[in-house]
Amino acid sequence: MIIIKDFMQTVDYRITEGSDYGWNCFGPNAYRLDSWNQEQDGHNVSMVFDTRTQVVYQMSAYDYVNERAYRWINPEYRSAHDNESEDRGVIVDQAWDDVNYTDLEVAEDMLEKARAIVAEEDYDTRVQVPVEFTDQEMLTYMKLAHELDITFNELVERALREAISAYEEDLTHEKPKKHKKKKKD
């Protein structure tokens with residue numbers, strides 16, 4: 001989970017703007033802080049949090065130079081955010097113009113990308129995916145990675161890429177569903 005301290009350290013305690021959060025999905029005490037480097041082709045990092053409970057609802061990092069936008073939404077509030085986006089007619093994935101958000105599930109992934117964007121450093125654009133294994137599965141996969149002379153992370157990444165490719169191939173070969181005509185009375 002991201003906490004306020006994480007955000008503040010990421011932006012080196014440099015806050016340029018702040019305002020009440022204008023939507024209702026995070027409750028009446030939601031407040032937004034921004035750290036913008038004041039350059040049109042620069043960066044902005046923002047956070048929405050609760051002024052009473054200090055819960056961080058959302059963190060975003062905008063890399064205008066590379067036209068990338070990353071967003072982490074607290075999983076407990078994701079559906080409320082998406083529902084309000086739909087109610088307001090807002091395209092939930094759109095950051096600006098033709099740039100969509102890359103939604104991140106792993107808080108540390110959000111923080112790593114935001115830190116690099118603020119420091120104007122190169123960063124890994126891949127998305128970290130949380131995976132869970134039993135101890136027995138972990139041991140089996142670690143042995144397999146060793147046999148293949150690759151790291152465990154490389155094995156997991158390879159398996160995920162193959163699963164995604166197989167899924168996409170299934171979608172392209174899927175036959176359209178036939179709809180039955182209703183009988184008229």
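The values are calculated or read from the model by the stated rules, or taken from the named source; none is laboratory data. Bear in mind the structure is a predicted one, so any value in this text is a computation, not a measurement. Neighbour counts are summed over all protein chains in view; Cβ atoms, including those assigned to glycine, are modelled from backbone coordinates with ideal geometry.
Of note:
- Only residues that are over 17 Å from Tyr64 (Cα atoms) and either at pLDDT below 90 or surrounded by 15 or more Cβ atoms within 10 Å (Cβ to Cβ) (or both) were counted in segment 113-128, giving 1.
- Residue check for Glu132: surrounded by fewer than 16 Cβ atoms within 10 Å (Cβ to Cβ), within 26 Å of Ala159 (Cβ to Cβ) and in contact with a Pro (Cβ under 8 Å, 6 or more places away or on another chain): no
- Restricting attention to segment 129-185 and to residues that are hydroxyl-bearing (Ser, Thr, Tyr) and part of a helix (DSSP H, G or I), the residue that is modelled with the lowest pLDDT turns out to be Thr172.
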